[in-house]
1. I'd like to know if the stretch B:144-154 contains one or more residues that are closer than 16 Å to B:Pro438 by Cα and small (Gly, Ala, Ser).
2. Could you tell me which residue of the stretch A:62-97 is nearest to B:Tyr337 (Cα to Cα), considering only residues that are open to solvent by 100 Å² or more (accessible area, probe 1.4 Å) and of a type in the set (Phe, Trp, Tyr)?
3. So which of B:Ile79, B:Ile52 ends up being part of a strand (DSSP E or B) and either under 22 Å from B:Val217 (Cα atoms) or open to solvent by 20 Å² or more (accessible area, probe 1.4 Å) (or both)?
4. Could you check A:Tyr39 against (1) assigned to a loop (DSSP other than H, G, I, E, B); (2) facing chain B (nearest Cβ under 7 Å) and say which number it fails?
5. For the stretch B:8-45, what are the residues that are surrounded by 22 or more Cβ atoms within 10 Å (Cβ to Cβ) and outside any helix (DSSP H, G or I)?
6. Residues that are part of a loop (DSSP other than H, G, I, E, B) and out of contact with any Phe, Trp or Tyr (no Cβ under 6 Å at 6 or more places or on another chain): does the stretch A:21-29 have at least one?
7. Give the residue that is most open to solvent (accessible area, probe 1.4 Å), with candidates limited to residues of the stretch B:370-418 that are modelled with pLDDT under 95 and touching a Ser or Thr at 6+ places or on another chain (Cβ under 8 Å).
8. Take B:Lys357 and decide whether it is open to solvent by 30 Å² or more (accessible area, probe 1.4 Å) and within 9 Å of another protein chain (Cβ to nearest Cβ).
Amino acid sequence: MANVISDETIEYVGILAKLELSDAEKEQAKKDMGSMLDYIDKLGELDTSDVEPMSHVFPVNNVFREDVVVNGDDSANILSNAPEEKDGSFVVPKTFD
Amino acid sequence: MGLMSLTAIQLGNKIKSGEVSVSEAAEAALNDINKVEGTINSYVTVLSEDDIKKRAKEVQEGIKNGIYTGPLAGVPVAIKDNMCTEGILTTCSSKILNNFVPTYTAEAVLNLNKAGAVIIGKTNMDEFAMGSTTETSYYGATRNPWNTEHVPGGSSGGTCTAVAAEECSFALGSDTGGSIRQPCSFCGVTGIKPTYGTVSRYGLIAYGSSLDQIGPVAKDVADCAAILETIASYDPKDSTSVKRDDYDFTSALVDDVKGMRIGIPKEYFGDGLNEEVKTAIFKVVDVLKEKGAVVSEFDLGLVTYAIPAYYVIASAEASSNLARFDGVKYGYRAEEYNGLHNMLKKTRSEGFGPEVKRRIMLGSFVLSSGYYDAYYIKALRTKALIKREFDKAFENYDVIIAPASPDTAPKLGESLSDPIKMYLGDIYTISANLAGLPGITVPCGTDSKGLPIGVQMLGDCFSEKKIIQTAYSYEQSREYVRCSICE
């Protein structure tokens, strides 16, 4: 395997992805990501120096509209999906003391 | 044979003429669900009989009063569980959305509601549409009604089995890398992935936003054309929605391929393709030749680069799209945690399954500083090259014919152990998503094990009508085959 994923890399990616992996999951992730990247490295065979990156197949432009509210107040329904709510707001765990 | 053995259009006609009531049609769907659902598991949620009856009554009134006049009025439909439905549980087959009841309805589903279709339930899928077998669902695997030891394909597995096992009249799926076309092939039903931007993605829970498209799954091409005509619309709420000149897809239901230029990409028929599948596809080509199509082989380069490019782009977009699942606004929240960051991490780690985590990790990596250019930008450049190859091909051809999958449906449990092998199974479908092309899968036979084989037809962007016409013309040579579980 050409791509060897270090413990530090998996740790770092876990932080970016906001995922907490068990030790076994980390080992599996190192293996999986390594073999995926080996496979993806195939793209290196292609000469793309004169090609612009294409994020969308059609030319997409910003779509503007007037800043007018068209939907009603649905906050009660929306909040009913929240794991915890209080006084019309989402409740999150304490972030600082 | 029950009412669910009819095509959606046939059933719609009977409802319109008053021969069948909307309630009778809905009851027929519920009866068939009761018969096979324990074995197949097509649905995550089946609506309550009361709710369905209420809606059926409302639609019956609407038909009487001339509100619902289209071909799908009163016809029972199943919706893939990644499309938001107001007041109806929408899980994306994930634990993290195990209690999510949307406050609004996806535009494509709203278009069906306006046409008087009756929603029966929400169909099972690979978690967040990541998978090719419908085995990664948190709510259990779906089984192939042709042989329950085999997978139905994915990710729109439940959508395709619900149609094949006659648990609904037609259904909606979504296709990010083949998720409509491949399971249609495995289940012996017909489905269309439209040109990117044709059907609004508003209310479709995003996986790979630049690749996702909603499309119809049904028993035949005429149904799919009529459904596509109903769900397609320009929608300002989806900034990638395209205003098309013409949505009249049913006008392409013409049995005529005289002079139709059909291309066979040599690279799609080489190593790794099951011989029985190959033979079945070439029989389709022979039928079309007989009817006057002009067929030739050509070289479609870059085929082997499509899968790595796809997995970089799709994973990158997924890692960004799935950042919204944080246990704050909706869905699952971990029970025990220590502070905000720990809550986010625990919620996501407990709420997502292994395949979803694998793709979020890969996506986060290819977007991280230091790797962004080498992986993500490189994949976007490759995508441009692939698009160029197809542009070149469509200068010479109206339709490209290919298999939908290298093989027929594998057995349950055979695919998940080797992710790369599973990803390779998407080789014939993935390029259409990268290039935004429309594609259709139509059943074209069975293998020696009795499992269905589907043929895929691809068209240039906005050329749905050509693939619909070609598929319809081929379909005239063949009867629809029901799977034995429906008998």
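1. No, the conditions are met nowhere in the stretch B:144-154.
2. Step by step, filter the stretch A:62-97, then rank; the result is A:Phe96.
3. Answer to the check: B:Ile79.
4. (1)
5. The answer is B:Asn41, B:Ser42, B:Tyr43, B:Val44.
6. yes
7. B:Leu416
8. Here the answer is no, as B:Lys357 does not meet what is asked.
The values are calculated or read from the model by the stated rules, or taken from the named source; none is laboratory data. Predicted model, so just to flag it, every value in this text is computed and none were measured. A quick note on method: Cβ atoms are made from the backbone with ideal geometry, for glycine too, and the neighbour counts reach across all protein chains shown. Each accessible area value is taken on the protein alone, full model and side chains, heavy atoms only, with ligands, DNA and RNA left out. Shrake-Rupley method; radii C 1.70, N 1.55, O 1.52, S 1.80 Å.
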